Structures are given as C-alpha cells and as structure tokens.
Ligand SMILES: C[S@@+](CC[C@H](N)C(=O)[O-])C[C@H]1O[C@@H](n2cnc3c(N)ncnc32)[C@H](O)[C@@H]1O
C-alpha cells in the first residue's frame, strides 16, 4: 500500500474493502454480483479519500479500460470522442485483465443514457426528414465522433438532411470525417469553439448532447441566447443534459474523474427563460431512464 493511503490525512479503507478491491483488480474488474458492493464503496467515499482509493485501483485506471481512459484523459478532457464512440458500440476490451471493468462501465445507467440519447436524436432527425420541402439543415454543437450522424445515414439512405458539425477538437473532427467518408457530400465540419462559432444560416434542428453539462449556468444561458435565433420556422433547439438524478454520478466522478453539471427539469426551464426563450415554447423531455434530460425550445 502506498504511503499516501496510510497517512492520517485519509480515512483508511477497511481491510475488507482493500481485500475486495484487490480481488477486483486480479479479476479484471467486478463480476455482476459484485457491482452493488463496489458501487456502495464508491458512493460512500468522501472527496479527501479519493486519492487513496484511486491508488488502490491504480492498476486498472489505465488506457486499457474505459474508466481508465476517462481518468487519464488522453485528449485533455473527459468524455472525448473516442470514449463516446466506445460507449455507443458497447466496446469491451477482450483482454481478460480488463474486460470486467468495461462490462461494469457499459452496464451503468449513465452509459445506457448516452446510448438512449443517440436514439432520441435519430428519432428527431427522422421527424425532420418527414417534413415537406427540400433540403433540411441540422447543426450539431460539440459533435464528437459523429457516430449518431453515421448511424442516421446508414439507416436512412434517402435522407434530405445536411449536417453542420462543430467541435473544437481536431482529433474528434478527423475521426468523424473518416468514419463518415461515404456521406461527405452531406456534412460540413467546423473546427471551432461553440462559444465563438458564427452560424451562417438557419436550421431545422440545432442539437447538442454531452456539451452543455460542461458549461456553468452563465455559459449555458449565453449559448441558448446565442443560437436560438438561428432556427427556421418550425425549427427546434434541443439540448441534452444529465439529470441530477443520475445514479452513475459518483462512479463517474470517482473512477474517471469526470465531473458534470447535473441539472433538474426546473433548472433547464429557468435557464431557457433567462436566455429570453418564451416559456410556452419550452419543454423538457427525458430518455427512458430519466438520466438524460432534453431541453426543447421551439422557434418563435
Ligand atoms: C461528450 S462529447 C459528445 C459528442 C456528441 N455530441 C455525442 O453526443 O455523441 C463532447 C464533444 O464536445 C466537444 N467540445 C467540448 N467543448 C467544446 C467547445 N467549447 N466548443 C466546441 N466543441 C466542444 C468535445 O471536443 C467533444 O468532442
């Protein structure tokens, strides 16, 4: 055990807890029957105990596991395009030294909610394609891997949607471009910070998921106010945000050092109104688990 964990500064993990954690590492992560015990240990950790806990599971917090990828942040921030893509494809490392950790990660409500929000997005795109008229326009803020766009085009080969994708990470754009090569005629990429990006036209849908949860309220409100003017008649601005009832919250924070601004339905409505959206044009939906909320603002 590292010195750090034995100082009086930290609560000692009990012998049983340490034994349990070491056995998880030996087995490449928890078996399903151990999920509850691990979750209980994690949920009970105080912030000043995190270093000690992470020291104990350090051998699993590396690039070979999804939790380790979150923790190490090879692209500089948690929730990068590669991690999100791996959540979508339900990736599990086949190496038995790590696979149980990945199965555990993919089983969390938070990971299910990320997949559910993609399905929610695909439904919204379908609704747009059913509308009358010619080409449709969708703007995605913080587009990441664009696996959602890829899935939409794979399933809807006659789509009339043109996507504008904005992301400030060149690695994300390169990845999105390469996996969407066959759909390049229908996609424009913009490497830009969404706080500064200037839309050059109007959109049937402005979509953002996995981005506004990183913003403080002040930036959230600024962003709504900035973009909601760029909707066509009948258009919508939809923002995904993790709900403060996310049961995976502490696991994300402890295992992957991944902190988000979780929000309630009322927080989202309040901020939309503060951003000068009309109350009657604002509603909040949720995916089936209620872990991801969607703020929907209709064009005035
Ligand atoms: C968690 S991922 C979500 C990706 C995608 N929306 C999805 O749900 O599949 C967040 C993405 O937003 C990008 N991002 C974060 N802050 C940004 C900013 N201020 N401007 C542009 N992109 C940003 C990151 O580079 C990352 O690719």
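Along the Cα→Cβ direction, 7 angstrom out, place labels at residue 18 and residue 182. What is the inter-label distance in nm? Once both label points are built, they end up 5.5 nm from each other. Simple spin-label estimate for residue 296 and residue 40 gives 4.1 nm between the two label positions (7 Å along the Cα-to-Cβ direction from each Cα).
When Rg and the Kirkwood radius Rh are both evaluated on Cα atoms of the stretch 164-300, their ratio Rg/Rh stands at 0.98. Residue exposure proxy: 98, 91, 77, ordered by other Cβ atoms within 10 angstrom of their Cβ from fewest to most, comes out as 77, 91, 98. When only Cα pairs below 8 angstrom with a gap of at least 6 residues are kept, the chain shows a relative contact order of 17 percent. What the Kirkwood sum gives for the stretch 1-134 is a hydrodynamic radius of 16.8 Å, with every pair of different alpha carbons counted. Inter-label distance, residue 225 to residue 72: 4.2 nm, where each label sits 7 Å from its Cα along the C-beta direction. The alpha-carbon positions of the chain define a convex hull whose volume is 136 Å³ per residue. Were the residues from residue 288 through residue 195 laid out at 0.36 nm apart, the gain over their Cα-Cα distance would be 30.4 nm.
Take the Cβ atoms of residue 274 and residue 168, set R0 to 30 Å, and the FRET efficiency comes out at 0.75.
In terms of other Cβ atoms within 10 Å, 60, 14 run from fewest to most in the order 14, 60.
Bear in mind that the values in this text are calculations on the coordinates, not laboratory data. Quick caveat: nothing in here was measured; it's all calculated off a predicted structure. Positions of Cβ are backbone-derived with ideal geometry, glycine not excepted, and every protein chain shown enters the neighbour counts.
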